[in-house]
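Colleague: Input: one structure, supplied below.
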Amino acid sequence: MRGAVLSRWLLPMAPAVLLLGLFVAGPILWSGYVSFTNAALTGAAATSPDFVGLENFRRLFADPALWHSAWLTVVFTVGSAVIGQNGLGLLIAVLTRHRNRVLRNAVGVSVVSAWVLPELVAAFALYAFLNPEGTLNALLGAVGLSQDWLFSAPLLAIVLGNAWRGTAFSMLVYQAALSEVPTELTEAAEVDGAGALRRFRHVTLPVIRRSVLTNLMLVTLQTLGVFTLIYVLTAGGPGDATQTLPLLMYDEAFELDEIGYGATISLVLLAVGALFAVVYARTLREEV
């Protein structure tokens, strides 16, 4: 009896567990091992790396580049995910909630079109828009405001670019959440004299609070690992002005050939993501 029950539950889960082990747990464990070695892409360490203990970690935490990249990662994540994607997605969902179907569909298609593009294609589209000979300067040139935006304001460029590309996900989450808000509550608040802002703050927002927290967790974790968009737009430059943790990890591992040191940075990035996930998960649990 027990064996039949276990088979019924475990066998359907086996393929998923196998895939998670191969493509999630496996690379994490490998990175953990490599971070304690001097593994490299070239030289003797490429074939027979030596165990160096905590040397990579001591070197990393003494490196000013780590703290600079960590700060840029926080700014990029808060600006483009927490404020940008989350805030814009909620705003669009609220503003189109009671509009006619044609307007909702038009806004939805225009927003989702950026999200469904492959990240590389979206990054090149942004580059074509922001580069000195791009669309933005062609429009601003008439009033003398053209400049090299990827050089003069690189961090703002990647923040706005990532917000543009990812807002659709938050919009869809909030459209679904708002559809579950009982109309009786908002109508009762309106009868009591509450304005639109007060109805949203005291009626709508408490109802969709769990959706807000879930969306924040998802967009934050996704944004922490953004690499392609930043690499195509600025490659971490000019200098190190946009070198977030994923780009620092790439530069150390593949540009400077220090795989062990790059793996150490990946563990730091993993720890940052885990910290955000724990905070959001605990907040969600308190809402139950």
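The values are calculated or read from the model by the stated rules, or taken from the named source; none is laboratory data. The shown structure was predicted, so the numbers you read here are calculated from the model rather than taken from an experiment. Please note: Cβ atoms are built from the backbone with ideal geometry, for glycine as well, and neighbour counts cover all protein chains shown. Just the protein is used for accessible areas: all its heavy atoms, side chains included, with ligands, DNA and RNA removed. Shrake-Rupley method; radii C 1.70, N 1.55, O 1.52, S 1.80 Å.
Colleague: Compute and list, largest first, the equivalent-ellipsoid semi-axes of the chain from the alpha carbon gyration tensor, each √(5λ) rounded to a whole angstrom.
Modeller: Equivalent ellipsoid semi-axes, largest first: 38, 30, 17 Å.
Colleague: Next question, about the same structure. Tilt of helix 209-224 relative to the longest C-alpha principal axis of the chain, in degrees (0 to 90, nearest 10)?
Modeller: The angle comes out at about 30 degrees.
Colleague: Moving to a separate point now. Where Lys and Arg each count +1 and Asp and Glu each count -1, what net charge lies around Leu60 among other residues with Cβ under 12 Å from its Cβ?
Modeller: -2
Colleague: To continue, here is another question. With the contact rule set at Cα under 8 Å and sequence spacing of 6 or more, what percent relative contact order holds for the chain?
Modeller: Relative contact order here is 29 percent.
Colleague: Of all the accessible heavy-atom surface of the chain, with the other protein chains kept in place and a 1.4 Å probe, what percent is carbon and sulfur?
Modeller: Here carbon and sulfur together make up 69 percent of the probe-accessible area.
Colleague: Just add up the charged neighbours of Asn38: K/R +1, D/E -1, any other residue whose Cβ is under 10 Å from the Cβ of Asn38.
Modeller: The answer is -3.
Colleague: Short version: what are the Cα gyration tensor semi-axes of the range 1-119, square root of 5 times each eigenvalue, largest first, in whole Å?
Modeller: Result for the range 1-119: semi-axes of 42, 31, 14 Å.
Colleague: Ratio to report: Rg/Rh of the range 176-237, with Cα atoms as the point set and Rh obtained by the Kirkwood method; give two decimals.
Modeller: On the Cα set of the range 176-237, Rg over Rh gives 1.29.
Colleague: Could you please report the charge total around Glu252, scoring K, R as +1 and D, E as -1 over all other residues with beta-carbon less than 12 angstrom from its beta-carbon?
Modeller: Surrounding charge for Glu252 is -4.
Colleague: Loop only by DSSP, 14 or fewer other Cβ within 10 Å of the Cβ. Give me the GluC sites (Glu not before Pro) in the range 211-271 that pass, ordered by residue number.
Modeller: Filter output for the range 211-271: empty list.
Colleague: Under 5 Å between amide hydrogens, which residues at least 5 positions from Thr37 or on another chain qualify, with H placed 1.01 Å from N in the peptide plane?
Modeller: It is Val52, by chain and number.
Colleague: What are the extents of the Cα atoms of the range 221-283 along their three principal axes, listed from largest to smallest and rounded to whole Å?
Modeller: On the principal axes, the range 221-283 reaches 38, 27, 16 Å in Cα extent.
Colleague: Just to confirm the number: angle between the C-alpha axis of helix 64-77 and the first principal axis of the chain, 0 to 90 degrees, nearest 10?
Modeller: 20 degrees
Colleague: With θ set to phi - 60° and the Karplus curve 6.51 cos²θ - 1.76 cosθ + 1.60, what are the ³J(HN,Hα) couplings of the range 128-139 in order, to the nearest whole Hz, using x for Gly and Pro?
Modeller: 5, 6, 9, 5, x, 9, x, 5, 4, 5, 5, 6
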